[in-house]
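Data block below; observations after.
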Amino acid sequence: MSASILTVDDSASLRMAIRIALTGAGYAVTEACDGADGLSKAAATRFDLIVTDLNMPNMDGLSMIRALREQPAQAGVPIVFLSTESDAEVKAQAKAAGATGWLVKPFEPEQLIRVVQKVLGR
């Protein structure tokens, strides 16, 4: 069975690029358009991994991670940030909030797949 991954990004073109890369590698992908949408989809379904942007309308990635980490059902789900942000302070905040990894945009599909495989231990 393939791992199920939730991607959370306000850019439709970026969600499409992530979906193409991950479905091409055999993963099942669900998309959310912002943190609030991601939070509600994660509450409805348990994902093996969440890949999220940082800067989004309605609810940013950090707020979404903090909210997810408060839910016992989401405790062990790895969360990877995919963001244009590469500031050490922001990365430290993300790690403190419960992020598992960080990938800077723009990304190469192979790079994303390698990070996903590493985080999932496959």
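The radius of gyration of the Cα set in region 65-121, together with its Dmax, comes out at 11.9, 33 angstrom.
Hey, any idea what % of the chain's accessible area is carbon plus sulfur with a 1.4 Å probe? Of the solvent-accessible surface of the chain, carbon and sulfur hold 53 percent. Compared with the direct C-alpha span, the chain from SER63 to ARG122 gains 18.4 nm at full extension, assuming 0.36 nm per residue.
The phi-based Karplus calculation (6.51 cos²θ - 1.76 cosθ + 1.60; θ = phi - 60°) puts the 3J(HN,Hα) values of region 9-24 at 7, 7, 9, 4, 5, 6, 4, 5, 4, 5, 4, 4, 4, 6, 5, x Hz, whole numbers, x for Gly and Pro. Sparsely packed loop sites in region 52-122 (the GluC sites (Glu not before Pro) outside DSSP H, G, I, E and B with at most 14 other Cβ atoms within 10 Å) comprise GLU70.
Taking every lysine pair in the chain that is 8 or more places apart or spans two chains, those with Cα atoms closer than 19 Å amount to 5. Straightening the chain between VAL104 and SER13 buys 31.1 nm, computed as 0.36 nm per residue apart minus the Cα-Cα spacing. Once Kirkwood radius over Cα pairs in Å is calculated for the structure shown, the corresponding label among (i) 14.4; (ii) 19.1; (iii) 14.0 turns out to be (iii). Largest mean-square fluctuation among GLY98, GLY61, GLY26, in a Gaussian network model of the chain whose springs join Cα atoms under 10 Å apart, belongs to GLY26. Each residue of region 60-69 is assigned a 3J(HN,Hα), and the resulting list reads 7, x, 4, 5, 4, 4, 4, 5, 5, 5 Hz, derived from the Karplus form 6.51 cos²θ - 1.76 cosθ + 1.60 (θ = phi - 60°), x at Gly and Pro.
Choose one answer from PRO106, PRO57, PRO72: the residue with the largest mean-square fluctuation in a GNM of the chain with alpha-carbon springs under 10 Å. Among PRO106, PRO57, PRO72, the largest GNM mean-square fluctuation belongs to PRO72.
The values are calculated or read from the model by the stated rules, or taken from the named source; none is laboratory data. Predicted model only: the values in this text are computed from it and were never measured. Here the Cβ is made from the backbone with ideal geometry for all residues, glycine too, and neighbour counts use every protein chain on show. Calculation scope for accessible area: heavy atoms of the full protein, side chains included, ligands and nucleic acids excluded. Shrake-Rupley method; radii C 1.70, N 1.55, O 1.52, S 1.80 Å.
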